[in-house]
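Asks: Just dropping this structure here.
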Amino acid sequence: METLFTLDNVWLALLLKVIAVLIIFLTVPLVMGYMEHKVLAHMQARLGPMEALPHGVGQLVADGIKFLQKENVVPAAADKWVFGLAPGVMLIPAIVVLTVVPFGPGAFAENLDAGIFFALAVSSIGTIGLLMAGWASANKFSLMGGLRGAAQLIAYELPMVLAAAAVVLQAETLSLVGIVEAQAGFRLFGTITIPYAVPHFFGLALFFMSAVAELNRPPFDMPIADAELIAGHMTEYTGIRFAFFLLSEYAGMVVFGALATVLFLGGWYPWPGYLLPEGFLGVVVGFGTTIGKIAAFMFLFIWLRATFPRLREDQLQRLSWLILIPLALLNIVIVAIAKVVA
């Protein structure tokens, strides 16, 4: 399948791809951030933001303007270059991953043959930014938060990759577009088409839990535990640099929600095998379907934050190394056996 941005003029096509990715990056995370404000508010029986435009829809834009007006304070003992680069290093992986995520039929910048592992490899770069922020701040709480975050990311990348590998084994392709198309023809016992979420339910659960940990979201937010580490690696950051950390979190939620949608929920198809309308209308329907599924994952992220208390650091590591990784390996074995038998 070719992208909508296939043109004779290579540079114009590249420019359009960059613009499209930036538009998605600068809008969808804001919508999801507003959703978190309002969903959390309703779960806690309060209104949430209401003053910035009707129903507070402009709250995150107002927050961005506020961050721009704040002073960027740099600690005297900090490594200024590393301190300044860390938020960008955290932010860039989300932008790069969006270039290979298919949001609809033809609505993607690049269809890489190894798209899923490219996406997972690039997303892990955020570990470096987190360590940079913790070390360069010249603050022991920041350093502890950075070390916690790095250990957490390393531990939970393994079950995430293994869960994705099981889907790759099922679909027989590493391409994200190919995985979506493979699900469109996947049938349960040769009868009805179903998304991979049904036979790969444990894989979906493993992938989702790992994504929560990768994003340092509650209940896996030990690197920024306010009662212990103030704000972890973000403690010394103010102004727009602090806003970049928040934006990277919301962008990461969109990215992992999109990857889970592609791997387990049939991507842009409302249901695997469902024929979309021809032409541009099909692209619109597919894009809306993908965004809707991402919003569903966003709701689950928020629900976890409002429901479960934070785990201890030892509980977090034990959960990954002793439970999730063995289950992920078992999941691959079961998929491989089922693939051979079928």
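The values are calculated or read from the model by the stated rules, or taken from the named source; none is laboratory data. What you are looking at is a predicted structure, and each value in this text was computed from that prediction instead of being measured. When we count neighbours, we look across all protein chains shown, and the Cβ atoms used for this are built from the backbone with ideal geometry, even at glycine.
Asks: Among the candidates GLY64, GLY106, which residue alone is at negative phi and either at pLDDT below 85 or touching a Gly at 6+ places or on another chain (Cβ under 9 Å) (or both)? Full working, then the answer.
Replies: Numbers: GLY106 fails: at negative phi.
Step by step, each of GLY64, GLY106 is checked, and only GLY64 is at negative phi and either at pLDDT below 85 or touching a Gly at 6+ places or on another chain (Cβ under 9 Å) (or both).
Asks: Considering only residues that are basic (Lys, Arg) and not in a helix (DSSP H, G or I), look in segment 298-342 and name the one that is surrounded by the most Cβ atoms within 10 Å (Cβ to Cβ).
Replies: Keep residues of segment 298-342 that are basic (Lys, Arg), which gives 305, 310, 312, 318, 339.
From what's left, not in a helix (DSSP H, G or I): 310, 312.
Values: ARG310: 17, ARG312: 10.
By that ranking, first place goes to ARG310.
Asks: If a residue must be within 15 Å of GLY266 (Cβ to Cβ) and either surrounded by fewer than 19 Cβ atoms within 10 Å (Cβ to Cβ) or in contact (Cβ under 8 Å) with a residue 40 or more places away in the chain (or both), how many such residues does segment 163-172 contain?
Replies: Count: 2.
Asks: Considering only segment 308-319, state which residues are of a type outside the set (A, V, I, L, M, F, W, C) and closer than 14 Å to GLY149 by Cα.
Replies: ARG312, GLU313, ASP314, GLN317
Asks: Sticking with this structure for a sec: Please go through segment 31-53 and give me each residue that is on the phi > 0 side of the Ramachandran plot and more than 27 Å from the chain's Cα centre (by Cα), ordered by number. Full working, then the answer.
Replies: First, the residues of segment 31-53 that are on the phi > 0 side of the Ramachandran plot: 45, 48, 53.
The answer is ALA45, LEU53.
Asks: Inside segment 302-317, can you point out the residues that are at pLDDT 85 or above and among the basic types (Lys, Arg)?
Replies: ARG305
Asks: Next question, about the same structure. On the given criteria, is ILE154 without any contact (Cβ under 8 Å) to a residue 24 or more places away in the chain, surrounded by fewer than 16 Cβ atoms within 10 Å (Cβ to Cβ) and not hydroxyl-bearing (Ser, Thr, Tyr)?
Replies: Taking the combined requirement at face value, the residue does not satisfy it.
Asks: In segment 178-237, what residues are hydroxyl-bearing (Ser, Thr, Tyr), out of contact with any strand residue (DSSP E or B) (no Cβ under 8 Å at 6 or more places or on another chain), farther than 21 Å from GLY126 by Cβ and in contact (Cβ under 8 Å) with a residue 60 or more places away in the chain?
Replies: TYR196
Asks: Please enumerate the residues belonging to segment 40-68 that are in contact (Cβ under 8 Å) with a residue 60 or more places away in the chain and outside any loop (DSSP other than H, G, I, E, B). Break it down into steps so the answer makes sense when it comes.
Replies: Looking only at segment 40-68, we keep the residues that are in contact (Cβ under 8 Å) with a residue 60 or more places away in the chain, and these are 40, 43-44, 63-64, 67-68.
Of everything in segment 40-68, those that are in contact (Cβ under 8 Å) with a residue 60 or more places away in the chain and outside any loop (DSSP other than H, G, I, E, B) turn out to be LEU40, MET43, ASP63, GLY64, PHE67, LEU68.
Yes/no matrix, rows are residues, columns are (1) in contact (Cβ under 8 Å) with a residue 12 or more places away in the chain; (2) surrounded by 18 or more Cβ atoms within 10 Å (Cβ to Cβ); (3) touching a Leu at 6+ places or on another chain (Cβ under 9 Å); (4) small (Gly, Ala, Ser):
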site	(1), (2), (3), (4)
VAL100	yes, yes, yes, no
ASP113	yes, no, yes, no
ALA121	no, no, no, yes
LEU130	yes, yes, yes, no
ALA136	yes, yes, yes, yes
LEU147	yes, no, yes, no
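Asks: Taking segment 303-342, which residues are among the β-branched types (Val, Ile, Thr) and under 23 Å from the mean Cα position of the chain (by Cα)?
Replies: THR307, ILE323, ILE325, ILE332
Asks: Now for a separate question. When you scan segment 94-152, how many residues do you find that are of a type in the set (Gly, Ala, Ser), part of a helix (DSSP H, G or I) and closer than 30 Å to THR238 by Cα?
Replies: If we filter segment 94-152 for residues that are of a type in the set (Gly, Ala, Ser), which is where we start, we get 94, 104, 106-107, 109, 114-115, 119, 121, 123-124, 126, 129, 133-134, 136-138, 142, 145-146, 149-151.
Pick out the ones that are also part of a helix (DSSP H, G or I) and you get 94, 115, 119, 121, 123, 126, 129, 133-134, 136, 142, 145-146, 149-151.
Filter again for closer than 30 Å to THR238 by Cα, leaving 94, 119, 121, 123, 126, 129, 133-134, 136, 142, 145-146, 149-151.
The total comes to 15.
Asks: Just one of ALA114, ALA109, ALA136, ALA119 is over 15 Å from LEU215 (Cβ atoms) and out of contact with any Phe, Trp or Tyr (no Cβ under 8 Å at 6 or more places or on another chain); which is it?
Replies: Only one candidate passes the filter, namely ALA114.
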